[in-house]
1. Step by step: find N for the range 1-158, compute 2.2 N^0.38 Å, then divide the Cα radius of gyration by it. What's the final number?
2. Scattering from the C-alpha atoms of the range 191-292 alone, worked out with Debye: what is log10 I(q)/I(0) at q = 0.13, 0.20 1/Å?
3. Testing the spin-label approximation: label points 7 Å from Cα along Cα→Cβ at residue 4 and residue 263. State their distance in nm.
4. State to the nearest 20 debye the size of the charge dipole of the chain about its Cα centre, where the only charges are +1 on K and R beta carbons and -1 on D and E beta carbons.
5. How much length is gained if the chain between residue 56 and residue 239 is pulled fully straight, taking 0.36 nm per residue apart and subtracting their Cα-Cα distance, in nm to one decimal?
6. Cα axis of helix 266-278 to longest principal axis of the chain: angle in degrees, 0 to 90, nearest 10?
7. Can you list the residues, at least 5 places off or on another chain, whose amide H is less than 5 Å from the amide H of residue 170, using H built in the peptide plane?
8. Amide H of residue 264: which non-local residues (sequence gap of 5 or more, or other chain) have their own amide H closer than 5 Å, using H built in the peptide plane?
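The values are calculated or read from the model by the stated rules, or taken from the named source; none is laboratory data. Not measured: the values here are computed from a predicted model. With ideal geometry, Cβ positions are generated from the backbone for all residues, glycine too; neighbour counts draw on all protein chains shown. Side chains included, ligands, DNA and RNA excluded: accessible areas come from the protein's heavy atoms. Shrake-Rupley method; radii C 1.70, N 1.55, O 1.52, S 1.80 Å.
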Amino acid sequence: MAQEYSKIQWFPGHMAKARRKIEESISKVDLVLELCDARIPRSSRNPMLRSMLRSKPRLLLLNKSDLADPVQTARWLSYFESKRVSALAIDAKSGKNIKKILPGAREILSERIAAWENRGMVGRSIRIMVVGIPNVGKSALINALCRGSGIGKAEVRDQPGVTRENRWFTIGKGFDLLDTPGVLWHKFDDPRQGEALAFTGAVNDEIIDTYELALHLLKKLLILAPGKLTDRYKLSQEELSLSEEALLETIALRRGMLASGAAADTERCALMLLDEFRGGKIGQITLEQVEE
Ligand code: G4P
């Protein structure tokens, strides 16, 4: 049975509400930090953000770069540079490259800052906010930015449509960060993008068939990273040519995952495979290539 990735899409009412909220917040800031997932830089972005930004500058952050293939990440960064999109690869969890964000923002805004200074607004604070789809690391980034400025752990709420008064955290010298991130919705035209989101855990597993998803992930890994798969699951070269179903069974047996009657527990193995991929245990793997 083919997966119904349309179930991942948000309802129009939620989208309209989220859009209104984000546009309202964008109007209060000088620059937007747009987060995407370095493993799926295409599918984890919402192209509608561009129209919401209007002329507002943005810095694109490829988060979870610790889980992505560094060679592919470098390719993506060159690609974005060629499209004149300022981008940085970061890891909000460990804090890698977080220190480069504020100088990067200042550089993007250099002309505006000069214009403010000409108008006598010397030392005006730069206001920024974070936007991205669910689970991309918005709260982790806000916390990392706050930690970097000595605020400690920020309490971040991340629910679309929740209205409350905005607070600003002063981070770094001359930067104010909006406490509430803009929650974008998943937007994909191609079911393969829906699948990519599901592989990374960006959507709730309860709405998808995880066994089928794991088979598709295996198929993808056999193409993208067969060596990492053999290393992790002690597979032989011959086993790599098995069907995905048989391969999952082999992995289950090798891990001692047995169901009743000593058959391989492939349902449990499917969840384990997805978990291990998402946690980076199979290795640093980028699912979307620039060239695709
Ligand atoms: P959101 O606000 O955009 O919804 O995302 P959030 O920060 O809650 O992050 C979602 C998950 O992704 C969290 O894992 C978080 O730790 C993880 N994460 C965020 N940034 C990075 C990163 O750069 N690298 C890695 N490897 N993981 C990252 P979780 O399992 O939901 O929670 P926990 O592990 O923090 O307990």
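1. 1.10
2. Debye curve over Cα of the range 191-292, log10 I(q)/I(0) at q = 0.13, 0.20 Å⁻¹: -0.44, -1.04.
3. Calculated label separation equals 2.6 nm.
4. 1660
5. So the chain would gain 60.7 nm between residue 56 and residue 239.
6. Approximately 30 degrees, to the nearest ten.
7. Excluding prolines and chain starts, which carry no amide H, the hits are 177.
8. Counting only residues 5 or more places away or on other chains, the set is 259.
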